[in-house]
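Asker: For reference, the structure I am asking about is given below.
The values are calculated or read from the model by the stated rules, or taken from the named source; none is laboratory data. If you're wondering where the values come from, they're calculated on a predicted model, not measured in any experiment. Here the Cβ positions follow ideal geometry from the backbone for every residue, glycine too, while neighbour counts run over all protein chains shown.
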């Protein structure tokens, strides 16, 4: 440690001493060695709270202090969430407060005057979201070189949140634009706690730079204590007033309360509605049982002020609190020292489960996770026959993360909507462009490497036909007046869609938002409390409320989720095995044994069914859906009913062998557009509606079909 400390400036040494660090971690030392002795990009992949931020920021600050930059920002920190940027600002600013290296925030919640001041005094570190970076590039085109001409470093936090998304491709377009326009060659450093495809992530970080990325991966996973709690919740029996159901639900909440009270913890849920319901129930449980923990809620539809209350409460070392959250606390926002993570029902991915579990276990203490699986007879869609799939899926996911496996990022080879967006962004500040110029400056960007010139011409012709741009007689392309209002709007820079929401206020204080247009007198749940709608203004999309104890309506909609094929194969392995699991409670192991007996017929790929046969593909959602489409397109099949991603009931007079043979013939035709139906929404991204139908179909097929899916 001493060698690296001595080469760092005094203010970092003071921070290390005041923080009473006994030494740098092995991963941090490896990063420092690579940073100071080489010039390549770096990927830092290690567990949550392992010191990744310090590993990247300390040597960057050292470089900026030892070799000051005359003007412009020296480092760019890019985070996926405004809250994460705020959090990192609070962590970095005190370290450099007495130096001449400023740090500036830039996102939607930062005031205009503060942003302008940051540009006038552009130095040090700029912390920003991808959308704000896009806005900055376009709105301040004339001073871009002054701002970024001397840029040395780019830190991409939670890089896994970008590398498999359209948003991440937009970020790469922004970075490439900066490097081209400003002539800088900054060194990129990616940070992540959950990466399965290290090589692919390194290639993503290196995009268009010609410089390789060196991975520093900490494979020494912290000790983890995982427990699965199983509960059976019966349906309400009207003959006894639903007494058994009430007893079971009360027992569940008592157990949840006992697990969490007097501990600093986050309870993760898979939906905002569940988070609100659980928080409200725990608040009542606290009052009934003289609990200690205050209960907070944290999700994307709460106002910034309410979310900040929860974040600050978690970091308060003089109290213990329970925060019920969706994925909004999954990423690297500082949440203090947590004793426990609770997950209600298995999350959407192993990546999320590992990320959430990693929020606990600060410093040398083990990570602790309790995963609740409730078999609710009122939610039969979680059952496959007599098999509780949520319980089996939870076991499978715990097995996979114990081996360090998380889902790989899906490729996005044909982002035509983003190509439209970047084309309009390029043209909006120019009086006219030619195709050769667009091809050189837009189509050549890394995200569009799989799109050929003929497809780009097809897109541009479509943009002319829809009135987005116009083509002059000499071939010059111009943006039409009709398009200007849209592309100069603030929302244009974001390439992902978001649901329109209704702002909810009480006495001029914003509580949060809901998606449904409310009825006067209806009750909603928000911030753990019940509110009655007293008025609604459709002109401002604002609802006024007062606190109530009435019955609530659902405030948000949920989207379907995908399950990876590895998870499905592990589920099958759990069902077909005989192993008992130490992390599963006694009731859970008993229920697992019952499920294995009931699942014997599911382990074969085909079984007889009424008027046909049943198929269990045991593969991921994309593969399952592709098989379903092939079955529905086969002349051998009359009808298909599915329970995705588990089983397909095929109504047919033909044998499975005959149908599979028919499907293989369909596959050989390569006419996959025939598998797209009228019910499909083929506009995958925000701007895909601006893309011609043929390209929409190609993008949809590549994103949603798995053509090489095993047909068994």
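Asker: Determine the pairs where a residue that is free of Cβ contacts under 8 Å to residues at least 60 places away in the same chain, located within region 205-217, has a partner that is surrounded by fewer than 18 Cβ atoms within 10 Å (Cβ to Cβ) and not in a strand (DSSP E or B) with Cβ atoms under 7 Å apart, the partner being 6 or more residues away or on another chain.
Answerer: The qualifying pairs do not exist here.
Asker: Looking only at region 338-346, decide whether some residue is on the phi > 0 side of the Ramachandran plot and surrounded by 19 or more Cβ atoms within 10 Å (Cβ to Cβ).
Answerer: yes
Asker: Give me the residue from region 412-437 that is surrounded by fewer than 18 Cβ atoms within 10 Å (Cβ to Cβ) and in contact (Cβ under 8 Å) with a residue 24 or more places away in the chain and, out of that set, farthest from residue 698 (Cα to Cα).
Answerer: Here the answer is 431.
Asker: Considering every residue within region 324-345, establish whether at least one is outside the structural domain of residue 193 (by TED's automatic domain parsing), under 20 Å from residue 268 (Cα atoms) and free of Cβ contacts under 8 Å to residues at least 24 places away in the same chain.
Answerer: Checking region 324-345: not a single residue is outside the structural domain of residue 193 (by TED's automatic domain parsing), under 20 Å from residue 268 (Cα atoms) and free of Cβ contacts under 8 Å to residues at least 24 places away in the same chain.
Asker: Report yes if some residue within region 135-153 is in the same structural domain as residue 92 (by TED's automatic domain parsing), modelled with pLDDT under 95 and part of a strand (DSSP E or B); otherwise report no.
Answerer: Among the residues of region 135-153, not one is in the same structural domain as residue 92 (by TED's automatic domain parsing), modelled with pLDDT under 95 and part of a strand (DSSP E or B), which makes the answer no.
Asker: Restricting to region 215-259, count the residues that are out of contact with any helix residue (DSSP H, G or I) (no Cβ under 6 Å at 6 or more places or on another chain) and more than 25 Å from residue 399 (Cβ to Cβ).
Answerer: 18
Asker: For region 270-284, indicate whether the set of residues that are part of a loop (DSSP other than H, G, I, E, B), within 18 Å of residue 379 (Cα to Cα) and within 25 Å of the chain's Cα centre (by Cα) is non-empty.
Answerer: Yes, because at least one residue in region 270-284 is part of a loop (DSSP other than H, G, I, E, B), within 18 Å of residue 379 (Cα to Cα) and within 25 Å of the chain's Cα centre (by Cα).
Asker: Something else now. Between 53, 48, which is assigned to a helix (DSSP H, G or I) and at pLDDT below 95?
Answerer: Result: 53 is the single residue among 53, 48 that is assigned to a helix (DSSP H, G or I) and at pLDDT below 95.
Asker: Among the numbered criteria (1) in contact (Cβ under 8 Å) with a residue 40 or more places away in the chain; (2) closer than 29 Å to residue 92 by Cβ; (3) touching a helix residue (DSSP H, G or I) at 6+ places or on another chain (Cβ under 9 Å), which single criterion is violated by residue 310?
Answerer: So residue 310 meets the others, but not (1).
Asker: Kindly evaluate residue 296 against the criterion of being in the same structural domain as residue 343 (by TED's automatic domain parsing), buried (at least 20 other Cβ atoms within 10 Å of the Cβ) and touching a helix residue (DSSP H, G or I) at 6+ places or on another chain (Cβ under 8 Å).
Answerer: yes
Asker: Now for a different question. Limited to region 622-641, what total is found for residues that are touching a residue at least 12 places away in the same chain (Cβ under 8 Å) and closer than 17 Å to residue 383 by Cα?
Answerer: Here the count works out to 0.
Asker: Could you list, in sequence order, all residues of region 632-650 that are assigned to a loop (DSSP other than H, G, I, E, B) and surrounded by fewer than 15 Cβ atoms within 10 Å (Cβ to Cβ)?
Answerer: If the condition is that a residue be assigned to a loop (DSSP other than H, G, I, E, B) and surrounded by fewer than 15 Cβ atoms within 10 Å (Cβ to Cβ), then 635, 638, 644 are the ones that fit.
Asker: Could you say which residue among 53, 48 is touching a helix residue (DSSP H, G or I) at 6+ places or on another chain (Cβ under 9 Å) and surrounded by fewer than 22 Cβ atoms within 10 Å (Cβ to Cβ)?
Answerer: Testing whether each residue is touching a helix residue (DSSP H, G or I) at 6+ places or on another chain (Cβ under 9 Å) and surrounded by fewer than 22 Cβ atoms within 10 Å (Cβ to Cβ) leaves just 53.
Asker: Here's something else I'd like to know. Within region 666-694, restricting attention to residues that are in contact (Cβ under 8 Å) with a residue 24 or more places away in the chain, buried (at least 17 other Cβ atoms within 10 Å of the Cβ) and under 26 Å from the mean Cα position of the chain (by Cα), which residue is farthest from residue 605 (Cα to Cα)?
Answerer: 690
Results for (1) without any contact (Cβ under 8 Å) to a residue 40 or more places away in the chain; (2) touching a strand residue (DSSP E or B) at 6+ places or on another chain (Cβ under 9 Å); (3) under 21 Å from residue 644 (Cβ atoms); (4) not in a helix (DSSP H, G or I), shown as yes or no for each residue.
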{"site": "562", "(1), (2), (3), (4)": "no, no, yes, yes"}
{"site": "567", "(1), (2), (3), (4)": "no, no, yes, no"}
{"site": "570", "(1), (2), (3), (4)": "no, no, yes, no"}
{"site": "573", "(1), (2), (3), (4)": "no, no, yes, no"}
{"site": "579", "(1), (2), (3), (4)": "yes, no, no, yes"}
{"site": "588", "(1), (2), (3), (4)": "no, yes, no, no"}
{"site": "591", "(1), (2), (3), (4)": "no, yes, no, no"}
{"site": "597", "(1), (2), (3), (4)": "yes, no, no, no"}
{"site": "604", "(1), (2), (3), (4)": "yes, no, yes, yes"}
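Asker: Continuing with the same structure: Test of understanding: among 28, 13, which residue is under 26 Å from residue 338 (Cβ atoms), in the same structural domain as residue 152 (by TED's automatic domain parsing) and either part of a helix (DSSP H, G or I) or at pLDDT 95 or above (or both)?
Answerer: So the residue among 28, 13 that is under 26 Å from residue 338 (Cβ atoms), in the same structural domain as residue 152 (by TED's automatic domain parsing) and either part of a helix (DSSP H, G or I) or at pLDDT 95 or above (or both) is 28.
Asker: Give region 522-555 a look and list any residue that's over 27 Å from residue 282 (Cβ atoms) and part of a loop (DSSP other than H, G, I, E, B), or say none.
Answerer: Matches in region 522-555: 538, 539, 540, 541.
Asker: While we're on this one: If you check residue 458 against the conditions, is it under 15 Å from residue 690 (Cβ atoms), buried (at least 20 other Cβ atoms within 10 Å of the Cβ) and modelled with pLDDT of 95 or more?
Answerer: Against the criterion (under 15 Å from residue 690 (Cβ atoms), buried (at least 20 other Cβ atoms within 10 Å of the Cβ) and modelled with pLDDT of 95 or more), residue 458 does not qualify.
Asker: Could you give every pair whose Cβ atoms fall below 9 Å, whose first residue belongs to region 250-279 and is without any contact (Cβ under 8 Å) to a residue 24 or more places away in the chain, and whose second residue is part of a loop (DSSP other than H, G, I, E, B), counting only separations of at least 6 or pairs across chains?
Answerer: Between residues of region 250-279 that are without any contact (Cβ under 8 Å) to a residue 24 or more places away in the chain and residues that are part of a loop (DSSP other than H, G, I, E, B), there is no close pair.
Asker: In region 93-113, what residues are at pLDDT below 90 and part of a helix (DSSP H, G or I)?
Answerer: Correct list: 93, 94, 95, 96, 112.
Asker: Has region 488-502 got at least one residue that is assigned to a strand (DSSP E or B) and either surrounded by 14 or more Cβ atoms within 10 Å (Cβ to Cβ) or assigned by TED's automatic domain parsing to the domain that holds residue 287 (or both)?
Answerer: yes
Asker: If you take the residues of region 431-451 that are in a loop (DSSP other than H, G, I, E, B) and closer than 27 Å to residue 164 by Cβ, which of them is farthest from the chain's Cα centre (by Cα)?
Answerer: Step by step, filter region 431-451, then rank; the result is 444.
Asker: Within 30 Å of residue 44 (Cβ to Cβ), surrounded by 15 or more Cβ atoms within 10 Å (Cβ to Cβ) and at pLDDT 95 or above: which single residue out of 195, 228, 205 fits that description?
Answerer: Among 195, 228, 205, only 205 is within 30 Å of residue 44 (Cβ to Cβ), surrounded by 15 or more Cβ atoms within 10 Å (Cβ to Cβ) and at pLDDT 95 or above.
Asker: Considering each of 70, 74 in turn, give the residue that is farther than 30 Å from residue 196 by Cα and at pLDDT 95 or above.
Answerer: Being farther than 30 Å from residue 196 by Cα and at pLDDT 95 or above holds for just one of 70, 74, which is 74.
Asker: Let me ask another. Does residue 116 meet the test of being at pLDDT 90 or above and either part of a helix (DSSP H, G or I) or closer than 23 Å to residue 57 by Cα (or both)?
Answerer: Judged against the criteria, residue 116 is a match.
Asker: Residues that are over 24 Å from the mean Cα position of the chain (by Cα), closer than 27 Å to residue 620 by Cβ and modelled with pLDDT of 90 or more: which strands (runs of 3 or more DSSP E) entirely in region 286-401 hold 2 or more of them?
Answerer: 367-376
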